[in-house]
1. Which of the residues spanning region 99-157 are within 16 Å of the ligand (Cβ to nearest atom), over 23 Å from Met228 (Cβ atoms) and either in contact with a Cys (Cβ under 8 Å, 6 or more places away or on another chain) or without any contact (Cβ under 8 Å) to a residue 60 or more places away in the chain (or both)?
2. Within region 136-143, can one find any residue that is more than 26 Å from Ala63 (Cβ to Cβ) and out of contact with any His (no Cβ under 6 Å at 6 or more places or on another chain)?
3. Tell me, please, whether a residue that is closer than 28 Å to Thr43 by Cβ and either surrounded by 16 or more Cβ atoms within 10 Å (Cβ to Cβ) or not assigned by TED's automatic domain parsing to the domain that holds Val217 (or both) can be found in region 143-161.
4. How do the pairs read when you match residues in region 47-68 that are outside any helix (DSSP H, G or I) with residues anywhere that are more than 9 Å from the ligand (Cβ to nearest atom) and of a type in the set (D, E, K, R), using Cβ under 6 Å and keeping only pairs 6 or more apart or on different chains?
5. Which numbered condition trips up Asn289, out of (1) surrounded by fewer than 18 Cβ atoms within 10 Å (Cβ to Cβ); (2) assigned to a helix (DSSP H, G or I); (3) within 16 Å of the ligand (Cβ to nearest atom); (4) modelled with pLDDT of 95 or more?
6. Evaluate region 49-58: report whether one residue or more is hydrophobic (A, V, I, L, M, F, W, C), surrounded by 17 or more Cβ atoms within 10 Å (Cβ to Cβ) and within 16 Å of the ligand (Cβ to nearest atom).
7. When region 60-73 is examined, which residues are found to be more than 16 Å from Pro111 (Cα to Cα) and either within 16 Å of the ligand (Cβ to nearest atom) or in contact with a strand residue (DSSP E or B) (Cβ under 9 Å, 6 or more places away or on another chain) (or both)?
8. Would you mind finding the one in Leu189, Leu247 that is outside the structural domain of Glu50 (by TED's automatic domain parsing), away from the ligand (no atom under 16 Å from the Cβ) and crowded, with 20+ Cβ neighbours inside 10 Å?
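The values are calculated or read from the model by the stated rules, or taken from the named source; none is laboratory data. If you're wondering where the values come from, they're calculated on a predicted model, not measured in any experiment. Positions of Cβ are backbone-derived with ideal geometry, glycine not excepted, and every protein chain shown enters the neighbour counts.
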Amino acid sequence: IKHLRSAGDLDAATATLILDTAGEMAALAGREVKKLPTLRGRTVVNLFYEDSTRTRISFEAAAKRLSADVINFSAKGSSVSKGESLKDTALTLQAMGADAVVIRHSASGAPHRLSSWVDGSVINAGDGTHEHPTQALLDAYTMRSRLGRLAGLKVAIVGDVLHSRVARSNILLLTTLGAHVTLVGPPTLIPNDVAAALSPATKVSYDLDSVLPDMDVVMMLRVQTERMQDSYFPSAREYSRRYGLDLARMRRLPEHAIVMHPGPMNRGMEITPEVADSSRSTIVEQVANGVSARMAVLYLLLGGKA
Ligand code: CP
């Protein structure tokens, strides 16, 4: 594949190749020389129109570990503030010889538009409420590393599904790889059509307590208060009482089950600090795995091997 705009771009064989390659990249981290010469002379542009900590830094680290030249573009402080369009920005990057553009944008579909304007590969680093495919890859990698498989795993994705690009990409990728997804949250935050439209096999529940004892993985989503309207979200206290993961709820999970969160977290809202910092939490591991997963994506897309 040339671009990674959606987790739906990946069939099972390609997704598995990326996860296997991420494993090889992770092995590099333990070596004295952590860099590979693979992308020497290639240019990766990080084009970020929205804020990011994990995704932007890990794409930069990933590209540098593959010896690529990295240009970090942030909309703040650029000619975007003078009204320059995404297309004109893309053509400028094209003229500078970008081999890959990693884009985060508030508009769903921006990576698709971008890929019609540039010759290089386009990688979606999060577009609006639509998708975040490399987050899904690092999440799948983390599950496979901790639990040894993806096929047959039972995964609960909990909370603000309505606004979550992480949820959409995870549903697509996990079902492609044979996992069983259950969406859990208040009815106002689980749009009726999402589960069915993305995958007919995806289940929905409004009762977290009843779902937990059967799960291998519970993935808590950030409550996106900045996108929230009162009609969706009665009160933070009520939300935490019914859908927040605290120690008592975590104990309902099977012994082997893991707790995930893509970050950034609202500690005390969707997850308590005791759970986030517990030995079952893979939150820090997910960040480390993000570098390996993004190295694998850059390596395979720019090397033409995926
Ligand atoms: N998980 C995630 O996308 O985090 P950032 O917004 O910090 O990149």
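1. Val102, Ile103
2. No.
3. Within region 143-161 (the criterion being closer than 28 Å to Thr43 by Cβ and either surrounded by 16 or more Cβ atoms within 10 Å (Cβ to Cβ) or not assigned by TED's automatic domain parsing to the domain that holds Val217 (or both)), the answer is no, since none of the residues qualifies.
4. Ser67/Lys35; Ser67/Arg40; Ala68/Arg42
5. Result: Asn289 passes all but (1).
6. no
7. Result: Glu60, Ala61, Ala62, Ala63, Lys64, Leu66, Ala68, Asp69, Val70, Ile71, Asn72.
8. Step by step, each of Leu189, Leu247 is checked, and only Leu189 is outside the structural domain of Glu50 (by TED's automatic domain parsing), away from the ligand (no atom under 16 Å from the Cβ) and crowded, with 20+ Cβ neighbours inside 10 Å.
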